[in-house]
Amino acid sequence: GLCGVLLAVGCAHMPGGIAPSTTPLDGVPYTVIGRAAGTDSMVRLFGLLPISGSNSIRTALDACLRDKGADALIEVTVESYDQFWILFTRNVIKVEGLAVRFDRSNKK
């Protein structure tokens with residue numbers, strides 16, 4: 001009954017990585033505009049057959065940058081986690097960091 005359903009549902013987290021920034025920032029003036037996060041996910045039927053789009057770090061990063069209208073991220077972390085349901089598995093990639101905007105007013 002209910003115990004069997006609860007055992008068939010779950011979640012697993014896997015650390016992905018940490019990076020100082022998404023682009024080289026040596027000597028580039030910028031302003032921190034706040035925390036940002038973005039995700040991308042794929043759903044699979046029976047854990048094998050993909051039934052939704054791709055699952056990429058690039059798409060999650062683009063969503064993260066759009067969230068704040070940022071040019072780049074600093075203090076970046078990436079993680080992946082799986083959510084398990086009876087018939088479906090959802091794999092999610094999550095990118096988080098501090099969003100920054102480049103200061104273009106100092107260009108000569």
SASA check, Ser21, accessible area w/ 1.4 Å probe, all protein chains in place, rounded to nearest 10 Å², comes out at 40 Å²
Rounded to the nearest 10 Å², the 1.4 Å probe accessible area of Asp71 is 50 Å²
For Arg44 the rounded accessible area (nearest 10 Å², probe 1.4 Å, non-protein molecules ignored) is 80 Å²
Of the accessible area of segment 44-108, computed with a 1.4 Å probe and all protein chains kept, carbon and sulfur make up a percent value of 56 percent
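The values are calculated or read from the model by the stated rules, or taken from the named source; none is laboratory data. The structure presented is a predicted model; accordingly, all values stated were derived computationally and were not measured. The protein model used for the area step is the full one, side chains on, heavy atoms only, and it has no ligands, DNA or RNA in it. Shrake-Rupley method; radii C 1.70, N 1.55, O 1.52, S 1.80 Å.
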